[in-house]
Amino acid sequence: MSALIEFQGVTKRFGDVTALADVDLTIAAGEVFGIIGYSGAGKSTLVRLINALEPVTSGRVLVDGVDLTALGERELRSVRAGIGMIFQQFNLFRSRTVFGNVAYPLKVAGWDKARRRERVAELLKFVGITDKAWHYPDQLSGGQKQRVGIARALATNPKILLADESTSALDPETTGEVLRLLKRVNTELGVTIVVITHEMEVVREIADRVAVLDSGRVIEQGSVFDVFSAPKTGTAKRFVGSVVRDTPGGADLERIRSRHGGRLVSARIHDAGRLGAVLSDAVGKHNVRFEIVYGGITALSGRSFGGLTLELLGADDDVDALIDDLRTTTEIEEIPA
Ligand SMILES: Nc1ncnc2c1ncn2[C@@H]1O[C@H](COP(=O)(O)OP(=O)(O)OP(=O)(O)O)[C@@H](O)[C@H]1O
């Protein structure tokens, strides 16, 4: 796994505001890397440092082994040429057709007319909007506009694509289509993609690895499976909780409580969890009955994880003994009454 983008102890301040604090991050060539954080966490600042639109306050940013902090403006322009970018609001030229928008970076890069035409046709085909070549952005849906944005960003064959909240303005169905297209950009064209988002669903859909940014710091990073199945920090738990509903909270918990008077425990399931077998063995030994009252199993990256909430019915001593028994093999927590 060779590093394509590396942050080494990067701090970025704007006056008194520390937008990024001592960030270490390694993004490998060929992966889809998610950066998730709430508003103001420092995501856009991080993107602006990758394409060298801002200088760092301290630390180093390396792209393809080249230390950006040591480069002059002329060399930075050539680094930027290898990085494509797509935006939440698409940033298309309203006065140019789809063809004109996608051809624009090629024109700037000095491609002649015949090659431009050929390249644009190829790109429009790849993103699936060949029939819209002579339409203007105002005549397109949000999803179509983002396809144009993607085609334009890929025009000059960048190695890296930065996607800054690229699906935040789209409805869920269109979001899914655009994310599938981005995945194809990654797998078929080999482009490394950095996805900046505040939506965990986006990370789950396409990212291989993820970093959680909070107040300018990377508070968690790892494979999407590891972060989803065992978030360590409160912020990561909240993000994961927004898409994975395997333990009840709020109104769900109230509803369960109103219907079930017994003691409630939540059990974690990892991979091919043997919870079913463990439960039936344990229940056989103790004079306790159980009912499954809540749960969910999430499949991710070919693996599974989740949680089940059980109501345990029996004398307190028996329930205690059962819980102790389960604890020897299973991560289990009693939900306080
Ligand atoms: N040019 C700037 N001048 C002053 N402060 C800035 C500047 N750019 C960003 N900041 C501050 O740095 C912090 C991080 O901002 P940033 O835009 O990177 O966060 P974000 O995670 O992208 O948030 P959002 O999703 O709202 O854009 C914020 O406190 C912001 O106000």
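The values are calculated or read from the model by the stated rules, or taken from the named source; none is laboratory data. Computed from a prediction, not measured in an experiment: that's the story for all the values here. Using ideal geometry, Cβ is built from the backbone for each residue, glycine included, and neighbour counts are taken over all protein chains shown. With ligands, DNA and RNA removed, areas are computed over all heavy atoms of the protein, side chains included. Shrake-Rupley method; radii C 1.70, N 1.55, O 1.52, S 1.80 Å.
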| the chain - accessible surface per residue (Å², probe 1.4 Å) | 48
| query | How do Asp317, Asp16, Asp208 rank by accessible surface area computed with a 1.4 Å probe, from largest to smallest? | reply | Asp16, Asp317, Asp208
| Expressed as a rounded percentage, what relative contact order does segment 261-337 have, with Cα pairs under 8 Å and six or more residues apart? | 47
| Amide hydrogen neighbours beyond the local backbone of Leu20, cut-off 5 Å, H modeled | Lys12
| In debye, nearest 20: dipole of segment 3-243 around its Cα centre with unit charges on the Cβ of K, R (+) and D, E (-)? | 820
| query | So what's the gap between the Cα centers of segment 173-193 and segment 53-99, to the nearest angstrom? | reply | 20
| request: List the DSSP H helices in the chain whose Cα atoms stretch 24 Å or more along the helix axis and whose mean Kyte-Doolittle hydropathy is at least -1.0. | output: 172-189
| note | Taking R0 as 35 Å and r as the Cβ-Cβ distance between Asp252 and Ala230, the FRET efficiency 1/(1 + (r/R0)^6), rounded to the nearest 0.05, comes to 0.95
| query | If you roll a 1.4 Å probe over the chain with all protein chains in place, what percent of the accessible area is carbon or sulfur? | reply | 48
| field | Options Gly143, Gly100, Gly34, ranked by Cα towards positive dipole end of segment 5-143, top entry (Cβ charges) | value | Gly100
| field | Fraction of antiparallel bridges per DSSP, the chain only, in percent to nearest 5 | value | 70
| task | Quick one: which residues, 5+ away or cross-chain, put their amide H under 5 Å from the amide H of Ser301? H built at 1.01 Å from N. | result | none
| request: Order the peptides 209-215, 75-81, 59-65 from the highest to the lowest mean number of other Cβ atoms within 10 Å of their residues. | output: 209-215, 59-65, 75-81
| query | Ordered by residue, what ³J(HN,Hα) values in Hz, to whole numbers, does segment 201-214 give under the Karplus form 6.51 cos²θ - 1.76 cosθ + 1.60, where θ = phi - 60° and Gly and Pro are x? | reply | 4, 5, 4, 4, 5, 10, 7, 8, 10, 8, 10, 9, 9, 9
| task | Report Ser258's accessible area, 1.4 Å probe, all protein chains in place, as a number in Å² to the nearest 10. | result | 90
